[in-house]
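*Asks:* Sharing a structure here in structure tokens format.
The numbers here are math on the coordinates, done by the rules we state, and not lab data. The structure displayed is predicted, hence computed values, not measured ones. Neighbour counts are summed over all protein chains in view; Cβ atoms, including those assigned to glycine, are modelled from backbone coordinates with ideal geometry.
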Amino acid sequence: MPHTLSVNAEPCPDKAQALAQRLNLPLNEESNAQNDFALGWWPDPKALSETQTFKLALFPPTSGPVYVDFVGGKKNHRRQFGGGKGQPLAKAVAIQDRPRILDATAGMGGDAFVFASLGCDVTLVERSPIVAALLADALERGQQPDVPEDIRQIVERMSLVCADAADYLRAERPNVDVIYLDPMYPEKKKAAAKKDMQALQALVGPDLDSEALLAAALHTAEKRVVVKRPKGAPALKGPEPNATVQSPNTRYDIYSIKALNRPS
């Protein structure tokens with residue numbers, strides 16, 4: 001990890017102490033040291049929920065708080081105005097069949113929330129304990145009593161596992177129809193990444209084991225594996241995709257398990 005990481009005690013000292021112990025991180029009694037990352041609870045002035053005024057956030061040294069929010073903000077806006085079942089992501093996973101989906105690279109949960117908003121049960125697998133903590137906090141906030149009922153129902157279809165996805169697939173063999181992969185791709189130097197992606201890359205770096213994860217996914221998924229790739233990027237090493245779905249800046253490679261004749 002290129003940066004040190006700690007947990008800020010204020011403004012939620014009890015939660016902070018429990019989180020620091022769970023993640024085996026130092027606890028900051030005072031403000032975070034300069035040039036360090038910190039986890040802490042941020043009082044979002046735009047929060048829609050009255051019962052939970054604080055959001056667990058990552059505080060990078062050069063930007064504002066990075067957090068996951070399924071109640072408001074960009075994720076909910078995408079749910080309302082992102083194209084629904086007609087968007088390329090939904091087509092790639094055959095959303096019309098209401099598949100059981102495992103998002104093996106959950107990250108900040110944006111794509112998983114789309115799947116759940118379109119009626120699918122989704123398992124989010126995230127190997128970074130830090131990112132998983134942000135997701136867990138967002139899932140908890142999304143089920144508060146004063147959250148709109150439609151959002152609560154979406155969040156209830158989402159479950160979180162903190163594990164290395166390839167290990168989890170090999171050990172647990174979860175019963176899922178579709179496994180979705182969005183490996184973290186190295187950012188082009190001339191393209192400025194969004195602050196949440198910058199924070200993720202600083203903490204966990206690019207994925208260097210995507211081929212192993214694809215292999216594990218192909219031996220687990222019942223119907224298909226879908227891999228999100230930047231436009232122009234090569235497919236992951238392994239079998240050739242059976243089909244692709246294109247969008248302006250992204251390509252979804254589709255691996256049909258039936259077409260691949262997977263051994264039993």
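*Asks:* Taking the mean number of other Cβ atoms within 10 Å as a proxy for protection, how do you rank 139-145, 175-181 from highest to lowest?
*Replies:* Details: 139-145: 17.1, 175-181: 22.9.
With the highest mean Cβ count within 10 Å placed first, the list reads 175-181, 139-145.
*Asks:* Shifting gears a bit: Over what distance in Å are the Cα centres of region 90-116 and region 122-184 separated?
*Replies:* 10 Å
*Asks:* Output ³J(HN,Hα) for region 229-240: one whole-Hz value per residue in order, computed from phi by the Karplus curve 6.51 cos²θ - 1.76 cosθ + 1.60 with θ = phi - 60°, and x for Gly and Pro.
*Replies:* 10, x, 4, x, 6, x, 5, 5, 5, x, x, 6
*Asks:* Quick query: amide H of Asp44 versus all other amide H atoms, modeled in the peptide plane; which residues come in under 5 Å with a sequence gap of 5 or more or a different chain?
*Replies:* So Asp44 has HN proximity to Lys55.
*Asks:* What are the residues whose amide H is under 5 Å from the amide H of Asn242, where those residues sit 5 or more places off or on another chain and H is modelled from the backbone?
*Replies:* Residues meeting the criterion, in which the H sits 1.01 Å from N, are Ile254, Tyr255, Ser256.
*Asks:* Next question, about the same structure. Between beta-carbons, use under 10 Å as the cut-off and find the net charge around Thr250, counting Lys and Arg +1, Asp and Glu -1. Can you show the working numbers first?
*Replies:* Numbers: positive: Lys228, Arg229, Lys231, Arg251; negative: Asp182.
So the surrounding residues net to +3.
*Asks:* May I ask you to evaluate 6.51 cos²θ - 1.76 cosθ + 1.60, the Karplus curve with θ = phi - 60°, for each residue of region 212-228 and list the ³J(HN,Hα) values in order in whole Hz, giving x for glycine and proline?
*Replies:* These are the phi-based 3J(HN,Hα) values: 5, 5, 4, 4, 5, 5, 5, 8, 10, 4, 7, 10, 7, 10, 10, 10, 7 Hz.
*Asks:* Let me ask something else about it. Tabulate in residue order the Karplus-calculated ³J(HN,Hα) for region 86-102, using 6.51 cos²θ - 1.76 cosθ + 1.60 with θ = phi - 60°, rounded to whole Hz; enter x for Gly and Pro.
*Replies:* x, 6, x, 4, 5, 5, 4, 8, 6, 4, 5, 8, 6, x, 7, 10, 10
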